[in-house]
Amino acid sequence: ADMISEKEQATQDSNKTTLDNLNFVNTAFNSLRIDENIENKTRSVRGYNYSKVKPSPLENPRYVSLSKPALELLDLDYDQVKNDKDGPEYLSGNKPIPGSQPIAHNYCGHQFGVFAG
């Protein structure tokens, strides 16, 4: 196992990305057809892969659980995210992360025993 000093670890941790400076590429948004209608209702959406959305806000969002391995995939520091006062707002969708574009995947198929779409 590779061992690093506490100083090296602190330097690595200080170089981690934070929720408010994630680098979004928005590949789906930039390369697939996006329905511009942000109306939040059930409707037929033909010819589009995704729809723009305005997330429905949650009242007083809070963390129930955080995954350290998932945060590491995004180069996010677990303790920084855990202690970020805006973290639950960002991760609930109440406060869009700068550079992000909320979209919803359009779905058509059987769900819970009935056809949806």
Taking segment 13-22 as the region of interest, how many residues are at pLDDT below 85 and loosely packed, with under 13 Cβ neighbours inside 10 Å? 3
Only one residue in D86, D79 is over 14 Å from the mean Cα position of the chain (by Cα) and of a type in the set (D, E, K, R). Which one? D79
Looking at S5, S44, S100, which is the one that is in contact with a Gly (Cβ under 8 Å, 6 or more places away or on another chain), hydroxyl-bearing (S, T, Y) and modelled with pLDDT under 90? S44
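Per-residue answers, yes or no, for (1) under 18 Å from N94 (Cα atoms); (2) not charged (D, E, K, R):
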position	(1), (2)
L19	yes, yes
N23	no, yes
F29	no, yes
E36	no, no
N40	yes, yes
E59	yes, no
Y63	yes, yes
A70	no, yes
Sole exception among (1) under 30 Å from E36 (Cβ atoms); (2) touching a strand residue (DSSP E or B) at 6+ places or on another chain (Cβ under 7 Å); (3) open to solvent by 60 Å² or more (accessible area, probe 1.4 Å) for S56, by number: (2)
Filtering segment 27-46 down to residues that are of a type in the set (V, I, T) and either touching a residue at least 24 places away in the same chain (Cβ under 8 Å) or at positive phi (or both), which residue is least open to solvent (accessible area, probe 1.4 Å)? I34
Could you identify the single residue in K85, K95 that is of a type outside the set (S, T, Y), farther than 25 Å from I34 by Cα, modelled with pLDDT of 90 or more and assigned to a loop (DSSP other than H, G, I, E, B)? K85
Restricting the first residue to segment 88-109 and requiring it to be without any contact (Cβ under 8 Å) to a residue 40 or more places away in the chain, which pairs with a second residue that is in a loop (DSSP other than H, G, I, E, B) and of a type in the set (F, W, Y) meet a Cβ separation below 6 Å and a spacing of at least six or different chains? P88/Y63
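Filter segment 59-76 down to residues that are in a helix (DSSP H, G or I) and surrounded by 11 or more Cβ atoms within 10 Å (Cβ to Cβ) and give me whichever is nearest to the chain's Cα centre (by Cα).
L71
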Just checking, how many residues over segment 88-117 are touching a Phe, Trp or Tyr at 6+ places or on another chain (Cβ under 7 Å) and either open to solvent by less than 60 Å² (accessible area, probe 1.4 Å) or closer than 20 Å to S31 by Cβ (or both)? 10
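The values are calculated or read from the model by the stated rules, or taken from the named source; none is laboratory data. Just so it is clear, the model here is predicted, and its values are computed rather than measured. Don't worry about glycine lacking a Cβ; one is built from the backbone with ideal geometry, like all the others, and counts go over all protein chains shown. Note: accessible area is taken over every heavy atom of the protein model, side chains too, but ligands, DNA and RNA are not part of it. Shrake-Rupley method; radii C 1.70, N 1.55, O 1.52, S 1.80 Å.
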